[in-house]
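Okay, structure first, notes after.
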Amino acid sequence: MVLKQRPGPAPLGWSLVLISVFSNAAEQPLALPETTVVGQREPGYKAETVSGFNKTPLSPREVPQSLSVVTRQQMDDQGMVSVPDAMQQVTGVTLIANDTLSYQYLSRGYALGVMYDGVPSYNGMTPSNQFDLPLYERIEVLRGPSGLLQGAGEPGGVVNLVKKRPLDHFAANWALSAGSWDTYRREGDISGPLNDSGSVRGRLVLSSEDRQYFYDRTSSDKWLGMAALAYDLNPQTTLDVSYSTQEQQVQAPWSGLPAYDLVDAKGHYRLLDVSRSTFHAPDWGRLSYDTHEWSASLEHRFDNEWVLKGAFNRREQYQNYKYAYASSGLAPLTDTLRYSSMQGAYNYTREGMDVFLSGPFALLGRTHNLLLGANAEVYNSRGRSGRGVGGSTTFDGLDDLPEPTIAYTSGRESETEQYGLYSRLNISLADPLTLVLGARTTTFSSRTRDVAPSNASDWRDGAEADQQISPYGGVLYELNPNITLYASYTDIFVPQTQLKADGSVLKPREGRQYEVGSKTEWLEGRLGLSLAWFNLRDENRAYADPAYPNDNYYLNAGEVESEGWELEVSGKPAAGLDLSAGYTRLETRYLQARENQGRTYSIQTPKDQLKLWSNYRFDEQSAMAGFSVGLGVLANGATQSSRGWRDELVNSGYAVVNGRIGYQLDKQHSVDLHINNLLDRTYYASVGTPNIYNFYGEPRSFTLTLRGAY
């Protein structure tokens, strides 16, 4: 099989053709209503506001929880092109590869949830292939339980992906990139008013990529597009609509390396010590994602600063795969292993809606803020899969395996629904003191049925929760104009399906977190620094009932603790210097468990993690005028298997240095050279099982990018 090379759109060409359409409208005098345009670029690495966790823009100092923002400038400076690229730079976040395209995202030992422009999407972050970064203006990450706005989910936190919006002025930019392993990218982005008054605005974003990888045999092509419109129905009411699509196809998808099929004196499987380019798989292997998203929002801004907004999001994703993989470790003496093959086709549909009313009110001589809202979402997953007949071969014999005919022997459809009402009240007790109180009630239901190999079966009820309450509380104390101290309690839940001995279903797991910290601003607000300590308890976990050792009955008795602290700095510490840095210290442990009592819970998460990036632009009066340089470090402590092989697969810590050199050719054009893994460190990024999911980190690579902005 040869991967089809899609001719697809030419983003640069399309953008240049459309420049005249936007520029002609932009030349007309504008009579714009007073409108807050979220799509404006926020310069630097320090976000002045966040919106996903309050629904309306707030300073990060007004949010009593740890959060990080990856801004558009940081994405461009570091040459980020995908959501994994951005999440790799977020304080406290651990990435674990599943294959060439998808990742797990962990924070504080647990999976992260996701919101699309503030609309929650259950279980939408890890299993999905996300849109590339040309669509997004910024990425906001809240760490710790986020049940108030999210409903059900793991207690790791939530990612809010904020799309670009149409601008009220003409702007266009493009980028052409070429890099190691025949990687080529093209990007175009154009926006501006579409009528004389500026009440109608548009934006078009296009990108395409074709590439190979540092490991043998794998290649991919991808293209992405977004069209967005904003229409001011009147000076106080704005309608936004957009459509986004992304297609990606991979030939011979990577699923990592096996380990040697023997253990040492410590009981550890030994990882392969081979070239990082080593990967054996038949070229008929394939993996593809086809994603479509429709979104709309209607916002009304009242004269008294209150805001009423409704938003809707529908995302459809189609996944297809067929590949062979090692089903055992590699025998070191014979260089042989066992293999198997699999095939699958899945459809995922997500629909979400969020409506809120927010604004200030006066009481007892002070101004307070109230948020009232409701959201609902439906997630449907339908797929079929099958496995081929396995066998034994040499390691490089995997390359020559004939393509099998695989029947779909199993299939399942699942559907999850949740609905919630939420509220939050910010009470100004005194000039420096604010009390934050909130709560949410959620109704959650799920069901599944078999859809293959025979006709669809009847639906079976799954996890449920009825009017589950998620409380929220916080205190903010402004010590002085530069320093805010805070404390918070946050909560989230995960429904369970295990049964107790009396036949009833276990209560949901609950993630409860206490956090205290400080958020400060220095140098006239150009530099932000935050420090936080947290203690997270995952309670009511399923615990095998010791009174019934031969039956599958459980108690709500299991408990896990995640505790640690974080330090983050972002902004401009000096003229021309942009900085983003974060350090995390994390301990996770089983407090109550039938197995592994007192041991580490999240063995795939490092206890120590450092992320640093700095970029310096030389002064226009210096001899280096026009040049800029960047340098960064990613360092992770030791971890163990990401797939549960405790004490058997161990990965040592590592540190990787990345760099950048840029030059401003003129006011509108620039060129950048990014060098990742500058010192060419050889390391495993994550380890999985004895037969699969052991991933080398990327070797030294180079990417040259030419940009234009108008």
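No value in this document is a laboratory result; all are computed from the given coordinates. Computed from a predicted model, the values in this text were never measured in an experiment. Cβ coordinates were reconstructed from backbone atoms using ideal geometry, including for glycine residues, and neighbour counts include every protein chain displayed.
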**Prompt:** So between residue 638 and residue 370, what do we pick up on full extension, going 0.36 nm a residue minus the alpha carbon distance?
**Reply:** 92.0 nm
**Overall form of region 149-211 per C-alpha gyration tensor (a/c, 1.5; a/b vs b/c)** = oblate
**Request:** Starting from the Cα-Cα distance between residue 550 and residue 392, subtract it from 0.36 nm times their residue separation and give me the gain in nm to one decimal.
**Result:** 53.2 nm
**Message:** Let me test this: with uniform point scatterers at the alpha carbons of region 503-602, what is the Debye-based log₁₀ I(q)/I(0) at q = 0.12, 0.13, 0.15 1/Å?
**Reply:** -0.57, -0.62, -0.72
**Request:** Could you work out how far apart the two model spin labels at residue 277 and residue 574 are, taking each label as a point 7 Å from the Cα in the direction of the beta carbon, and quote it in nm?
**Result:** 4.1
**Asked** What is the magnitude of the charge dipole of the chain about its Cα centre, with +1 placed on the Cβ of each Lys and Arg, -1 on the Cβ of each Asp and Glu, and no other charges, expressed in debye to the nearest 20?
**Response** 380
**Asked** Where a ≥ b ≥ c are the square roots of the eigenvalues of the C-alpha gyration tensor, would you call region 231-311 rounded, which needs a/c under 1.5, or, failing that, prolate if a/b is larger than b/c, or oblate?
**Response** prolate
**Message:** Could you tell me the relative contact order of the chain? Use alpha-carbon pairs under 8 Å, at least six residues apart, and round to a whole percent.
**Reply:** 12
**Candidates per chymotrypsin sites (Phe, Trp or Tyr not before Pro) in region 288-393, loop by DSSP, up to 13 other Cβ within 10 Å** = 302
**Request:** Indicate the gyration tensor shape class of the chain (rounded, prolate or oblate), computed on the Cα atoms with a ≥ b ≥ c the square roots of the eigenvalues: a/c under 1.5 is rounded; otherwise a/b larger than b/c is prolate and the rest oblate.
**Result:** rounded
**Asked** Each residue of region 419-424 in order: what ³J(HN,Hα) in whole Hz does its phi give by Karplus 6.51 cos²θ - 1.76 cosθ + 1.60, θ = phi - 60°, with x for Gly and Pro?
**Response** 9, x, 10, 9, 8, 8
**Asked** Binned at 10 Å from 0, what are the whole-percent values of the Cα-Cα distance distribution for region 583-710, short to long?
**Response** 12, 29, 25, 17, 12, 5, 1
**Prompt:** Within region 91-112, whose backbone N sits under 17 Å from a point 7 Å along Cα→Cβ of residue 342?
**Reply:** 97-104
